[in-house]
Amino acid sequence: MFSRIHSATTLGVDAYVVEVEVDISRSQLPRTDIVGLPDAAVKESRDRVRSAMRNSDLDFPGDRVTVNLAPADVRKEGPSFDLPIAVAMHTALNGSPGGLDGLVFIGELALDGMLRPVSGALPVALMVRDSASLRGIVLPRDNAAEAALVDGIEIYPADCLQEVVMFVEGRRAIAPHPNTGFDSLDRAPDIDMCFSEVKGQEQAKRALEIAAAGNHNLMMIGPPGGGKTMLARRLPGIMPRMSRDEALEATKLYSVAGKLRAGDAMIRERPFRSPHHTISNVALIGGGTIPKPGEVSLAHHGVLFLDEMTEFKRDVLEALRQPLEDGNVTIARAATTLTFPASFVLAAAMNPCPCGWHGDYVNPCTCKPTQIQNYMKKVSGPLLDRIDIHIETPRLDPEKLTSAPTGETSEAVRARVNAARDRQLARYADEKIFSNADLNARMTRKYCSLPAEAEELLKSAIRKLGYTARAYDRVKKLSRTIADLAGRDDIRVEDVAEAITLRSLDRKYLV
């Protein structure tokens, strides 16, 4: 007795079809084997499936059962094969009815036969849409809203194994879940933390506005309690709202990683990821036996905030070089090489010295000069070059600290940011980039030309501050963004001067 049905799983951020084949042969010794490079979670499916079928009043094969997951040369992981294995066993015992062609089955089984949600439903739905031979998915009800973001396919949500078996046999209909698309993205995102609540720190707020307008990375240096974390958490609220393509990419990554919150089928707001400084290299960049996205990919189209940057391990920080430069991260393993998108704004915060009070006008610093130098050198020069903006967040004056906040709202700042981004989108329509931070060397020369006076100012800064070629290009990109915020196509000397002041801290502290 033999049966074959379609399932699917993910590799990287994309899904591929897995054929679940079940063969039942007579044997005096009942046994169930799962082959096709299954991991431990897949091997345990036989126990979950056995209990789920018996508790659903379904016969479990009492003979020799061989389950093959094809292609057999790609490792499979996770519990999403529970449902297709159970359905394939049932159809092998009772005969395969018509109507299964073109359907993909995914889902985890509880021991009582109920269906639990699985990760990767959105990539599977996209794969079904793009396939000429597939038409729909049978999956747990909790995954239906996520899969329904994809138009043009049939989504059959189910609550339990018995319901799926009756649907397969034609004894019960399952109403397809309506496709929702990404129309719900048009609603305004909730801004929990508004810029108007920030007291003082005018230079820092200006720097965050520039960072949001041009997608630039920034680092804040200041004593404890200066507001670095508070400012960073308000950065997503002034960034442009996510486009449908951005929301789709971000949701795919969260779906693959199993990070979608219950009841939330789509990432509507720009992600804000703030990993602890004890994070490992793999957790930050991604990896594993079957590579999964790390924090840099979960921050795609959003903000990656590194609080107390100097407390992170050196190799963890250095691993940020590729995603900061290329907007993606490549993970190589013996069996496969995968690339995850990782285009984010890096917001870093750090103290100016080990004790935290270097330069503070109230608390005296107790660190020796060599201690300060060694502390700041934990951030390497090549990594610092990839951070466009370095600003100070000093202690607030008592008058500002005790006064009522009077700053602009996040929506008011976002309006200027949107206007600047619109100029960039129009300018780079033929370049396939979306912000000034994405400019390569050729584009920087083309779109960031400086007047003679501004060029001389920048040359003088290079001689005095020792900028590298990368830092030189990043100052020009910052100048381009400052001009865009001012609503100008030309870059003026005052734009370059402001851009230089936004990068002066690396030489003040790190020389």
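The values are calculated or read from the model by the stated rules, or taken from the named source; none is laboratory data. Keep in mind it's a predicted model, so treat the numbers as computed, not measured. Here the Cβ is made from the backbone with ideal geometry for all residues, glycine too, and neighbour counts use every protein chain on show. Surface areas here come from the heavy atoms of the whole protein model, side chains and all, with no ligands, DNA or RNA. Shrake-Rupley method; radii C 1.70, N 1.55, O 1.52, S 1.80 Å.
Of the residues that sit in the stretch 55-94 and are in contact with a Gly (Cβ under 7 Å, 6 or more places away or on another chain) and open to solvent by 50 Å² or more (accessible area, probe 1.4 Å), which one is modelled with the lowest pLDDT?
Checking each candidate, the answer is A72.
Hey, which of the strands (runs of 3 or more DSSP E) in the stretch 334-392, taking only ones fully inside, have at least 2 residues that are of a type in the set (K, R) and within 21 Å of the chain's Cα centre (by Cα)?
none
Looking at the stretch 8-35 only, could you name the residues that are more than 25 Å from the chain's Cα centre (by Cα) and within 25 Å of T339 (Cβ to Cβ)?
Passing the criteria: only V18.
Would you point out which residue out of L93, L139, L115 is in contact (Cβ under 8 Å) with a residue 12 or more places away in the chain, over 15 Å from H6 (Cβ atoms), assigned to a strand (DSSP E or B) and not hydroxyl-bearing (S, T, Y)?
L115
Farther than 18 Å from H390 by Cβ, touching a residue at least 24 places away in the same chain (Cβ under 8 Å), open to solvent by 40 Å² or more (accessible area, probe 1.4 Å) and among the small types (G, A, S): which single residue out of G225, G200 fits that description?
Step by step, each of G225, G200 is checked, and only G225 is farther than 18 Å from H390 by Cβ, touching a residue at least 24 places away in the same chain (Cβ under 8 Å), open to solvent by 40 Å² or more (accessible area, probe 1.4 Å) and among the small types (G, A, S).
I need a count of the residues in the stretch 284-316 that are assigned to a loop (DSSP other than H, G, I, E, B) and charged (D, E, K, R).
3
For residues in the stretch 1-40 being part of a loop (DSSP other than H, G, I, E, B) and touching a helix residue (DSSP H, G or I) at 6+ places or on another chain (Cβ under 8 Å), which is least open to solvent (accessible area, probe 1.4 Å)?
The residue in question is G12.
Given the residues L253, L231, which is the only one that is assigned to a helix (DSSP H, G or I), at pLDDT 90 or above and farther than 14 Å from A347 by Cα?
L253
Only residues in the stretch 32-58 that are at positive phi count as the first member; pair them with residues that are of a type in the set (S, T, N, Q) and open to solvent by 30 Å² or more (accessible area, probe 1.4 Å), Cβ under 6 angstrom, at least 6 apart or cross-chain, and list the lot.
Close Cβ pairs (under 6 Å, with a partner that is of a type in the set (S, T, N, Q) and open to solvent by 30 Å² or more (accessible area, probe 1.4 Å)) amount to G36/N68.
Can you spot a residue in the stretch 41-50 that is touching a Gly at 6+ places or on another chain (Cβ under 9 Å), of a type outside the set (F, W, Y), surrounded by fewer than 19 Cβ atoms within 10 Å (Cβ to Cβ) and closer than 27 Å to G136 by Cβ?
Yes, there is a match, as at least one residue in the stretch 41-50 is touching a Gly at 6+ places or on another chain (Cβ under 9 Å), of a type outside the set (F, W, Y), surrounded by fewer than 19 Cβ atoms within 10 Å (Cβ to Cβ) and closer than 27 Å to G136 by Cβ.
State all residues of the stretch 281-335 that are open to solvent by 10 Å² or more (accessible area, probe 1.4 Å), hydroxyl-bearing (S, T, Y) and in contact with a strand residue (DSSP E or B) (Cβ under 8 Å, 6 or more places away or on another chain); if no residue qualifies, say none.
Correct list: T330 only.
Being touching a residue at least 40 places away in the same chain (Cβ under 8 Å) and either under 22 Å from P236 (Cα atoms) or open to solvent by 40 Å² or more (accessible area, probe 1.4 Å) (or both) narrows it down to one of R445, R427, R423, R463, so name that one.
R423
Against the condition within 29 Å of the chain's Cα centre (by Cα) and buried (at least 23 other Cβ atoms within 10 Å of the Cβ), how does V128 come out, does it pass?
Spelling it out, V128 is indeed within 29 Å of the chain's Cα centre (by Cα) and buried (at least 23 other Cβ atoms within 10 Å of the Cβ).
Listed residues T501, T481, T444; which is polar (S, T, N, Q) and farther than 19 Å from K205 by Cα?
Selected residue: T444, the only one of T501, T481, T444 that is polar (S, T, N, Q) and farther than 19 Å from K205 by Cα.
Listed residues L139, L161, L109, L149; which is closer than 22 Å to T251 by Cβ, of a type in the set (A, V, I, L, M) and either at pLDDT 95 or above or open to solvent by 70 Å² or more (accessible area, probe 1.4 Å) (or both)?
Matching residue, one of L139, L161, L109, L149: L139.
Output yes when any residue across the stretch 433-440 is open to solvent by 10 Å² or more (accessible area, probe 1.4 Å), more than 26 Å from M242 (Cα to Cα) and part of a loop (DSSP other than H, G, I, E, B), and no when none is.
No; the residues of the stretch 433-440 include none that is open to solvent by 10 Å² or more (accessible area, probe 1.4 Å), more than 26 Å from M242 (Cα to Cα) and part of a loop (DSSP other than H, G, I, E, B).
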